[in-house]
Amino acid sequence: MEFTAQARFLRVSPQKVRLVLDLIKGRRVEEAMNTLAFTKKGVAPDLQKLLRSALENANYLSEEKGLDLDVDNLYVKRAIANEGPRLKRVRPAPQGRAFRYQRRMSHIEIALAERNAANGAELATVVGEEETVAPAQSKSKKPAAKAKGKAAKKAARK
C-alpha cells in the first residue's frame, strides 16, 4: 500500500527540486529525513516537511484501517516534481525595451511504501539469477571467435 503527500504551487523550479529528490529516492524514511536535514539546498526544508506529512499520512491510515504497519520498513517509493503554472514577468531593458522571463512553480509528490522482508528475499534471488546468467553469456562462442579473428588480423599486419 502507498501513502502519499503532495505540495502544489511551490515557488521553485522543478529542475532544482529534482536534484534533491534524486538523493532520497529508494531510501528508508529515516535515512531520507537525515539526508534532507543536512542538504544545503533551499528546497530541502520544504521536502522534509512533505516527507514528514507522508509519514503522518501513513500512521493515520494504518490506525484508521487497522493495518499492521511498521514505520521502520517504510521507504520512498516515488518522488516526483512536475511543472506547475509559470508566472510571466517583464524586466526593463536598455533603450525602452523589455525582456520577458518566467518564474517557475512545482507540483511535488512523495509516495511511501512498506518494504517487506519477503520483497527483500525476492530481490536477492533475482539478483542471484542474473549473476548466474551473466557468466553463461560470456562463454558464448561468437564473441570469442570474433576476438580471435581480430587478433589474427593484427598479427598478420605486423
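Computed values, structure above
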item: Extension gain (nm, one decimal) between E30 and A111, 0.36 nm per residue minus Cα-Cα; result: 27.7 nm
item: K40 paired with K77, simple spin-label distance in nm, labels 7 Å along Cα-to-beta-carbon; result: 3.5 nm
item: Positive-pole candidate from A32, A113, P85, dipole of the range 2-115, charges at beta carbon; result: P85
item: Projected label distance in nm at R86 and R11, using a 7 Å step from Cα toward the beta-carbon; result: 1.9 nm
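Bear in mind that the values in this text are calculations on the coordinates, not laboratory data. Please read all numbers here as calculations on a predicted model, not as lab measurements. With ideal geometry, Cβ positions are generated from the backbone for all residues, glycine too; neighbour counts draw on all protein chains shown.
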